[in-house]
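Derivation of every value follows stated rules applied to the coordinates shown; laboratory data play no part. All values derive from a computational prediction rather than experimental measurement. So basically every Cβ, Gly included, is an ideal-geometry build from the backbone, and we count neighbours across all protein chains shown.
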Amino acid sequence: MFSQKLFLKEIEESKAKGMYKPLPVLQSANGAEIVLDGKKTINLSSNNYLGLVDHPEVKAAAIQAIEKYGVGASSARNIIGNTDLYEELELKLAKFKNEEAALVFQSGFTVNLGSIPIIAGEGDLIISDELNHASIIDGTRFSKANKIIIRHMDMEDLEKKLKENRAKYKNVLIATDSVFSMDGDIAPLQDMTFLAEKYDSLLYVDDAHGTGILGKKGRGVADHFGLTGKIDFTVGTLSKAIPAVGGYIVGSNLMKNWLERNSRPILFSTSIPASAIAASIKVIELLEKSEDINNILWENTNYFKDGLTKRGINIGNSKTPIIPIMIGDEEKAKNFSQKLKECNILASSIVFPVVPKGKARVRCIITANHTKQQLDYCIDNIEKIAKAMRVIK
Ligand code: PMP
């Protein structure tokens, strides 16, 4: 229960520990270089992976949509919030992801919140990775299904849980992130699809950090592993590599039909503005046209990773543009991030409870529009700080 007294006490305690920070205020587009609290800063904290958030063609598409449809949808999709642009986006998304159908929601978060309880209910079981995103956790909480958590990407644990439990339930849903947002590692989906098939279970993959990044033309994790058509439900967002706002799920026509008629965010919440839909359509068109931006993202990612590892920085098990500087100690990670900020570099510290105790880190995210000069500046300063703080020798 909310208690003013308790809340004020908690604020005072976190202020005393130096942990109470006001929200940072961004005064520019969320690009490679931003204006943050009035200062020019190199941004290693955005999910604008392809650097398209302020791309001229994407902005023009959004502006054109505002001219035609206005600034908001003014209705849920099932009433009159479902424009022809929505229909076009869903067709384009389904084609882009090589799936039968796509259903667009208001955000990636609402996809998981609104889909998981409809896919798995009473008498079913959800098996979820311990490091899955908060929205999968909350979607699972909303479901009437039973839940089991497995150790992070541990396929022996997954098989053990399937073996012990499969016969007890009508359906089993295995839920996982494709790319884990705190580590940048990739779920072993070849093994997961094998186990899902072996134990007659359904597979639900949140590809929020994979779409636009992994696979040919950025089609995502299924394409990356050659598993197209083998994942029952794939979730994505329109707020990261596709940098507007919204989320979607792709799978079968039947899935779309079922969710469209039952999922509560679709039925009870206003749909996203046409500008976001038009911008998303434009980004998919750009991705279909050329792989250049995707290649630049990977070139930058590999350049940054090589630079850090050559200087002895531990980047954990990162396989993607999400690159943690593993530090361990919570205070040290916070200080590290603060020291970077003093050099006008924004890279957030990630500490307990977001990651386990003793696994604190500073997370860097690389995008296609970082320049080599910016990356060099960051690598040099990271090395200097790491040496000064004895993170490396
Ligand atoms: N899933 C994952 C794995 C995410 O990282 C995020 C965003 N942090 C979401 C879902 C939510 O997506 P959105 O920001 O579109 O709500």
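At a glance:
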| quantity | calculated |
| --- | --- |
| Space enclosed by the convex hull of the alpha-carbon atoms of segment 1-130, per residue, Å³ | 266 |
| Rel. contact order, % - alpha carbon contacts under 8 angstrom, at least six apart, segment 238-393 | 20 |
| Partner lysines for Lys282 [C-alpha distance under 19 Å; skip if fewer than 8 residues away on the same chain] | Lys59, Lys68, Lys92, Lys95, Lys97, Lys216, Lys217, Lys240 |
| Residue order, fewest to most surrounding Cβ atoms within 10 angstrom, among Cys378, Cys343, Cys364 | Cys343, Cys378, Cys364 |
| Under 19 Å from the Cα of Lys163 - lysines, other chains or at least 8 residues apart | Lys147, Lys198 |
| At q = 0.10, 0.20 Å⁻¹, base-10 log of I(q)/I(0) for segment 292-389 (Debye sum, equal scatterers on each alpha carbon) | -0.24, -0.96 |
| Spin-label proximity, Asp380 to segment 316-355 - amide N less than 15 Å from point 7 Å beyond Cα toward beta carbon | 343-345 |
| Cα-projected label distance for Met389 with Glu67, points at 7 Å along beta-carbon direction, nm | 4.9 |
| Cα-centre dipole for segment 261-384 with unit charges at Cβ (Lys and Arg positive, Asp and Glu negative), debye to 20 | 500 |
| Highest-fluctuation residue, Gly51, Gly31, Gly121 considered, GNM on the chain with Cα pairs under 10 Å | Gly121 |
| Value of Rg/Rh across segment 123-164 [Cα atoms, Kirkwood radius] | 0.97 |
| Largest-first principal axis extents, alpha carbons of segment 90-242, Å | 40, 30, 28 |
| Where labels lie 7 Å past Cα in the beta-carbon direction, separation of Ser28 and Phe142 in nm | 3.7 |
| Rg [Å, one decimal], Dmax [Å, integer] - segment 260-331, C-alpha atoms | 19.6, 54 |
| For segment 200-305, alpha-carbon Rg relative to the globular expectation (2.2 N^0.38 Å, N residues) | 1.17 |
| Sequence-separation-based contact order of segment 211-275, relative, with Cα cut under 8 Å and 6+ spacing, percent | 18 |
| Kirkwood hydrodynamic radius (C-alpha pairs) into Stokes-Einstein, the chain, 25 °C and 0.890 mPa s, D in µm²/s | 111 |
| Bridge type composition, the chain - antiparallel percent by DSSP, nearest 5 | 55 |
| Dipole magnitude (debye, nearest 20) for segment 78-178, charges at Cβ of Lys, Arg, Asp, Glu | 420 |
| DSSP beta bridges in segment 104-240 [antiparallel fraction, %, rounded to 5] | 5 |
| Max mean-square fluctuation residue, GNM over the chain, Cα-Cα springs under 10 Å, options Pro117, Pro56, Pro243 | Pro56 |
| P(r) weight above 24 Å for segment 57-180, C-alpha pairs, percent | 44 |
| Spatially proximal lysines relative to Lys9 (Cα-Cα < 17 Å; intrachain offsets below 8 disregarded) | Lys17, Lys21 |
| Mean separation of Cα contacts under 8 Å, 6 or more apart, over the residue count of the chain: relative contact order % | 21 |
| Top of Ile322, Ile79, Ile63 by mean-square fluctuation, Gaussian network on the chain, Cα under 10 Å | Ile79 |
| ³J(HN,Hα), Karplus 6.51/-1.76/1.60, whole Hz, each residue of segment 295-305, x for Gly, Pro | 5, 5, 4, 6, 4, 4, 4, 5, 4, 5, 5 |
| Unit charges on C-beta of K, R, D, E only; dipole of the chain, Debye | 1080 |
